Amino acid sequence: MKSKLAVFASGNGSNFEAIAQACEDGRIDAEVVLCVTDKPGAYVTQRAKKFGVPVLEFRPKDYPSKAAFETMLVDALSDKEVDLICLAGYMRIVGEVLLSAYENRIINIHPALLPAFKGAHAIKDAFEYGVKVYGVTIHYVDSSLDGGKIISQAAVPYEGNDIDELESLIHAQEHILYPSTIQKLLK
Ligand code: GRF
């Protein structure tokens, strides 16, 4: 039987789309069974609808604690029999409830060569630092920020001066590396 993926995103969802498209094309031998967002109405929800993927939207502030909304998420994920959670621009630190329910089954994509440039502004930080080789990292998620064991990385050499061009190059690499890494993990 095909593996079942959940993709968590807070915004644009271009990585969601790359994963969903790869599942549709057979480059990933799995199915995206749920799109989870903590930002109701985020653009990722439109992409999910296009692929016919059910969306779970929630507002963290409607819950008394992170443990409370993660308990709701674990229930939804187990209803869908999710095997692997792929964070793709999910702008929250994962808490103990989700981590212990899905130990070693939560992965994230980060737009830098970790452990350099952790955090939410990795591309801008690396650009301002003046690095010449940028990149993308896929890693397991633990309770630290961008800190879990590295699964795969790809370099993006860039010596130009245009951050928009750089961002496009990094995102293009993300859309290749995330699907291929997921497929390798599922084997
Ligand atoms: C990506 O750059 C990813 O590496 C980071 O957040 C961004 C999400 O982009 N964690 P998108 O929503 O998938 O377009």
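The values are calculated or read from the model by the stated rules, or taken from the named source; none is laboratory data. The structure presented is a predicted model; accordingly, all values stated were derived computationally and were not measured. With ideal geometry, Cβ positions are generated from the backbone for all residues, glycine too; neighbour counts draw on all protein chains shown. The area values use the complete protein model at the heavy-atom level, side chains included, leaving out ligands, DNA and RNA. Shrake-Rupley method; radii C 1.70, N 1.55, O 1.52, S 1.80 Å.
Structure data summary
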{"item": "Cα centroid of segment 10-77 to Cα centroid of segment 86-130, whole Å", "result": "16"}
{"item": "For V53, net neighbour charge (Lys/Arg +1, Asp/Glu -1) across residues whose Cβ lies under 12 Å away", "result": "+2"}
{"item": "Accessible-area ranking of E159, E174, E17, largest first, probe 1.4 Å", "result": "E159, E17, E174"}
{"item": "Cα-centred dipole magnitude for segment 1-41, charges only on beta-carbon of K, R (+1) and D, E (-1), debye, nearest 20", "result": "100"}
{"item": "Backbone HN-Hα couplings from phi across segment 88-102 [Karplus 6.51/-1.76/1.60, Hz, Gly and Pro as x]", "result": "9, x, 8, 8, 9, 6, 6, x, 4, 5, 6, 4, 6, 6, 10"}
{"item": "Residue-averaged [θ]222 nm for the chain, counting only DSSP H segments that reach four residues, each worth -39500 (n - 2.57)", "result": "-12000 deg cm²/dmol"}
{"item": "Probe 1.4 Å, protein heavy atoms only - accessible area per residue of segment 87-150 in square angstrom", "result": "49"}
{"item": "Computed E for E81/D164 - FRET, C-beta separation, R0 41 angstrom, nearest 0.05", "result": "0.50"}
{"item": "Cα centre as origin, Lys/Arg/Asp/Glu Cβ charges: segment 1-96 dipole, Debye", "result": "340"}
{"item": "Charge dipole (debye, nearest 20) of the chain; +1 at Cβ of Lys and Arg, -1 at Cβ of Asp and Glu", "result": "240"}
{"item": "Percent carbon-and-sulfur accessible area, segment 134-187, ignoring ligands, DNA and RNA, probe 1.4 Å", "result": "51"}
{"item": "Positive dipole terminus of the chain, leading residue within A122, T71, G41 (C-beta point charges)", "result": "T71"}
{"item": "Solvent-accessible area per residue, Å², over segment 1-84 with all protein chains present [probe radius 1.4 Å]", "result": "47"}
{"item": "Estimated inter-spin distance, K49 and E24, nm [label 7 Å along Cα→Cβ]", "result": "1.5"}
{"item": "Mean separation of Cα contacts under 8 Å (6+ apart) over length of segment 5-161, as relative contact order %", "result": "19"}
{"item": "Contour excess over end-to-end distance, with Cα ends at T71 and E128 and 0.36 nm allotted per residue", "result": "16.6 nm"}
{"item": "Spherically averaged projected area in nm², based on the convex hull that wraps the Cα atoms of segment 49-110", "result": "4.8"}
{"item": "Cα-based radius of gyration of the chain once divided by 2.2 N^0.38 Å, which approximates compact folds", "result": "1.00"}
{"item": "Taking the C-alpha atoms of segment 1-67, convex hull volume expressed per residue in Å³", "result": "85"}
{"item": "At R0 = 35 Å, FRET efficiency that the Cβ-Cβ distance of K61 and K184 yields, to 0.05", "result": "0.40"}
